[in-house]
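Structure first, then comments.
The values are calculated or read from the model by the stated rules, or taken from the named source; none is laboratory data. No experiment lies behind these values; they were computed from the predicted model shown. Every residue, glycine among them, receives a Cβ derived from its backbone with ideal geometry; neighbour counts consider all protein chains shown. Accessible surface areas use protein heavy atoms only, side chains included; no ligands, DNA or RNA. Shrake-Rupley method; radii C 1.70, N 1.55, O 1.52, S 1.80 Å.
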Amino acid sequence: MTIVGVPAGWPATEEEARAVQDELRGRVVLHEPGPPPGTGRVTGVDVAYDDELDLVAAAAVVLDAATLDVVAEATAVGRVSFPYVPGLLAFRELPAVLAALDRLPVPPGLVVCDGYGLAHPRRFGLASHLGVLTDLPVIGVAKNPFTFTHDDPGPARGADAPLMAGAEEVGRALRTRDGVKPVFVSVGHRVGLPGAVAHTLALTPRFRLPETTRRADALCRRALREAARRLAGTGGQDATTRQAPTSWYAES
């Protein structure tokens, strides 16, 4: 089993991580329309952790945007690359997520993160960070509003309400199922907010969460269980570590 290593130059402290966010935040593209919903490919990414084994497993699942059938999938298992700090979770997840995306046999198209983009205390959540590093169109669809406020959307599927940070709109609370609590959509990179909402509705024909997230969540959990089983069975002795690329920040 190959374990993705922590990239050279990866931030090791909160101060370093926030400095990276400050450097990259200005590169986010907020107002491109992005690909039309229901066309091309759309990819979900998600991660799962085993804190005892210091492992994180990432999955990338590519769907046909029109049929929502699986086109391709890939996983990557890595060491946890940063401590748990609210607002800096991207630094724990990105090395494995980027490795999983790199292993896909087809281009990912639009990427959907189980998390936030602009709806982030520093306006640079995982969806924006991933978008800037890859220059892919990325949106964030989260399960809760984080620290932000919103009015309750109408009860019907498709109803939405602004997600607010004071007087600033940072996303939308979007009802994807009649009478079911909303999800929280935000811009990541190269897709405007109306497009992000439209993509989210196209990806939720039956369930509250996007099919991309549902598929990636299931796959990363399976990958983590398999990695933990193999490591537990061998004491970790059969694992080899592949050095992650020299810091993506150096390349950006």
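Counting Lys and Arg as +1 and Asp and Glu as -1, each charge on the Cβ, what is the dipole of region 111-201 about the Cα centre in debye, to the nearest 20? Before the final figure, lay out the partial values.
Numbers: 9 positive and 8 negative charges, 32 e Å.
That gives a dipole near 160 debye.
Ordering 215, 225 by accessible area with a probe of 1.4 Å, largest first, what comes out? Kindly include the intermediate steps, with their values, before the conclusion.
Values: 215 95, 225 150 Å².
In descending accessible area the options line up as 225, 215.
Going by a ≥ b ≥ c, the root eigenvalues of the Cα gyration tensor, does region 42-169 fall in the rounded group (a/c under 1.5), the prolate group (a/b larger than b/c) or the oblate group? Intermediate values should be presented prior to the final figure.
Working: a/c = 2.01, a/b = 1.26, b/c = 1.60.
Taking the square roots of the gyration eigenvalues as a ≥ b ≥ c, region 42-169 is oblate.
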Express in whole angstrom the spacing between the alpha-carbon centres of region 15-45 and region 106-137. 4 Å
From phi via Karplus (6.51, -1.76, 1.60), per-residue ³J(HN,Hα) for region 3-10 in Hz, x at Gly/Pro: 10, 6, x, 6, x, 4, x, 5
Given the options 158, 171, 78, state which has the largest fluctuation in a GNM of the chain using a 10 Å cut-off (strictly under) for Cα springs. 158
Counting sequence-distant residues (5 or more places) and residues on other chains, those with an amide H built under 5 Å from that of residue 41 are 65, 110
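Looking at the square roots a ≥ b ≥ c of the eigenvalues of the Cα gyration tensor of the chain, which shape do they give, rounded for a/c under 1.5, prolate if a/b is larger than b/c, or oblate? Please report the intermediate quantities before stating the final value.
Working: a/c = 1.74, a/b = 1.39, b/c = 1.25.
Prolate.
For 199, 150, 31, give the ranking by accessible area with the largest first, probe 1.4 Å.
My answer, sorted largest first, is 31, 150, 199.
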Amide H within-cut-off set for residue 103, under 5 Å, with H built and near neighbours excluded: none
Selection from 26, 109, 47 lying farthest towards where the dipole of region 9-136 points positive, charges on Cβ: 26
Charges at C-beta only: +1 for Lys and Arg, -1 for Asp and Glu. How large is the resulting dipole of the chain about its Cα centre, in Debye rounded to 20? 540 debye
Here the relative contact order (percent) of region 1-102, from C-alpha pairs under 8 Å and at least 6 apart, is 30 percent
For region 104-207, with +1 on Lys and Arg beta carbons and -1 on Asp and Glu, the positive-most of 171, 203, 138 along the dipole: 203
Per-residue HN-Hα couplings for region 16-31 [Karplus 6.51, -1.76, 1.60; θ = phi - 60°; Hz; x = Gly/Pro]: 5, 5, 5, 5, 5, 4, 5, 5, 8, 4, x, 8, 5, 9, 9, 10
The chain, relative contact order [Cα under 8 Å, separation at least 6], %: 26 percent
Just to verify a number: what accessible area does residue 46 come out at with the full protein assembly present, 1.4 Å probe, Å² rounded to tens? 20 Å²
Relative contact order for region 47-121: what is it in percent, counting Cα pairs under 8 Å that are at least 6 residues apart? 27 percent
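Determine the sum of side-chain charges near residue 97: Lys and Arg each +1, Asp and Glu each -1, restricted to other residues whose C-beta is under 12 angstrom from that of residue 97. Spell out each step's value before the answer.
Working: positive: 92, 103; negative: 46, 93, 102, 114.
With Lys, Arg at +1 and Asp, Glu at -1, the net is -2.
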Nearest-5 percent of antiparallel DSSP beta bridges in region 1-160? 70 percent
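Net charge near residue 222, counting Lys/Arg +1 and Asp/Glu -1 over other residues with Cβ under 12 Å of its Cβ? Kindly include the intermediate steps, with their values, before the conclusion.
Details: positive: 215, 221, 225, 229; negative: 46, 73, 217, 226.
Once all neighbours under 12 Å are counted, the net charge is 0.
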Please build a GNM for the chain, connecting alpha carbons under 10 Å apart, and tell me which residue among 101, 89, 231 fluctuates the most. 231
Between 16, 52, 73, which gets the highest mean-square fluctuation from a Gaussian network model of the chain, Cα cutoff 10 Å? 52
Built amide H within the under 5 Å cut-off of residue 171, gap 5+: 163
